[in-house]
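Data block below; observations after.
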Amino acid sequence: MHLPLPESLKRRLRPLPQWSAVGLRDPQDTIAVAWRSDHQRVDVTHRNVVAALRPLTIGIASHPAMGGNGPTRPVSALEFVDRVTGAILGSLELATAQRVEAPGAALNLFEVTGSADRCLGWVRRTLDARLRQIRGQRISDPYNFALAPDALQQLLVFYICPRPVVLVSVDDGQHSNIFPMDLIGPIGPDLFTLALRTTSQSVAAMSSARRMAISSLPASHRETAYRLGAHHGQTKVDWSALPFGVVRSTTFGLPVPHIAPRIRELEAVHVETIGSHTFFVTRVVSDTGPTDGPLLHHTGGWHQHLRTTRGHAFSAAG
């Protein structure tokens, strides 16, 4: 006689979500990020970004401790620290890749060569990997960019620090689009980067127009962001068919969502292909300013699981 499994056991036999959509203020203040090499340690919480996914490449705004012409030491790491407990929740091993020089900005690029995750114990992490293999789930990011298992684990460690999700508006006169991105981030007070897969239909328009607007989203609009993920494969969108009204941005007059609590207009000062992605270094031209409400972010599913077991999970978006 076949007896159904208890629901609690069924939950234990499911792999954890790879990603969690959560609502946080921006900039987040729960996780600190530090670059470390030997006895050098530098806080880079608000100046570390993804430059490419294949190979996984991290960009960090240059600091004197890293050396004037790039890091002076061949081995370094990026550590992700819980600000409340002081615990290191994960780390990435880094190898020097190259240096990017842009007007008003300099970044050191590092390829990720290894990772250590402390959000899950070895047993749960191994079980999770095995369950995912059995269930045949595809390894991907929220927008279906396939990654090898090691690279996925490294990216999950990077996302221990929650990353905001925005909608990017671009219009070069022929190509007009709006789509979600989370491979973004600041590298200085008025400098911002975006990494878009080079196969995206919008890379050419962003490169030629060199002007774009990024719109933060309230945490309640998770499904809106995911729905617009399909726009990555399009060259034009019907602005009247979007699930929200649009207004014009202050300086460039780009169409942006009227639901956006924060809108920043960006001008590209450097564009470079790095691995699988096109990397844009931009200057912030206008900014409507931060907001107190919870905005849509992504964090690693393992990180959210750890916080849930300890009784202080991030608020779920959606």
Odd one out for residue 250, checked against (1) closer than 26 Å to residue 292 by Cβ; (2) open to solvent by 20 Å² or more (accessible area, probe 1.4 Å); (3) out of contact with any Asp or Glu (no Cβ under 9 Å at 6 or more places or on another chain): (3)
Condition check for residue 211: open to solvent by 50 Å² or more (accessible area, probe 1.4 Å) and either at pLDDT 95 or above or under 21 Å from the mean Cα position of the chain (by Cα) (or both): yes
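Would you check which residues across segment 1-48 are among the charged types (D, E, K, R), at pLDDT 90 or above and not in a strand (DSSP E or B) and list them?
Result: 25, 26, 29, 47.
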Residue match in segment 234-245 (condition: in contact with a helix residue (DSSP H, G or I) (Cβ under 7 Å, 6 or more places away or on another chain), aliphatic (A, V, I, L, M) and closer than 20 Å to residue 196 by Cβ): yes
Test result for residue 76, of a type outside the set (D, E, K, R), buried (at least 22 other Cβ atoms within 10 Å of the Cβ), touching a strand residue (DSSP E or B) at 6+ places or on another chain (Cβ under 7 Å) and at pLDDT below 95: yes
Counted residues, segment 193-208 - those being under 27 Å from residue 43 (Cα atoms) and open to solvent by 10 Å² or more (accessible area, probe 1.4 Å): 0
Verdict on residue 246 being modelled with pLDDT of 95 or more, more than 21 Å from the chain's Cα centre (by Cα) and of a type in the set (A, V, I, L, M): yes
Residue within segment 287-308 that is part of a strand (DSSP E or B), within 29 Å of residue 237 (Cα to Cα) and open to solvent by 20 Å² or more (accessible area, probe 1.4 Å) present: yes
Considering residues of segment 256-284 that are under 15 Å from residue 168 (Cβ atoms) and either charged (D, E, K, R) or at pLDDT below 95 (or both) only, the residue least open to solvent (accessible area, probe 1.4 Å): 265
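For (1) among the aliphatic types (A, V, I, L, M); (2) in contact with a helix residue (DSSP H, G or I) (Cβ under 9 Å, 6 or more places away or on another chain); (3) touching a residue at least 60 places away in the same chain (Cβ under 8 Å), each residue gets a yes or a no:
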site	(1), (2), (3)
34	yes, no, no
41	no, yes, no
46	no, no, yes
51	yes, no, yes
65	yes, no, no
Leading residue by the ranking (nearest to residue 269 (Cα to Cα)) among those in segment 102-114 that are open to solvent by 40 Å² or more (accessible area, probe 1.4 Å) and outside any loop (DSSP other than H, G, I, E, B): 111
Residue match in segment 178-188 (condition: open to solvent by 40 Å² or more (accessible area, probe 1.4 Å), of a type in the set (Val, Ile, Thr) and either more than 22 Å from residue 24 (Cβ to Cβ) or in contact with a helix residue (DSSP H, G or I) (Cβ under 7 Å, 6 or more places away or on another chain) (or both)): no
Residue match in segment 216-227 (condition: within 17 Å of the chain's Cα centre (by Cα), assigned to a strand (DSSP E or B), modelled with pLDDT of 95 or more and crowded, with 22+ Cβ neighbours inside 10 Å): yes
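The values are calculated or read from the model by the stated rules, or taken from the named source; none is laboratory data. The shown structure was predicted, so the numbers you read here are calculated from the model rather than taken from an experiment. Note that each Cβ is placed from the backbone with ideal geometry, even for glycine, and that neighbours are counted across all protein chains shown. For the accessible areas, the whole protein counts, side chains as well, though only heavy atoms, and no ligand, DNA or RNA atoms are used. Shrake-Rupley method; radii C 1.70, N 1.55, O 1.52, S 1.80 Å.
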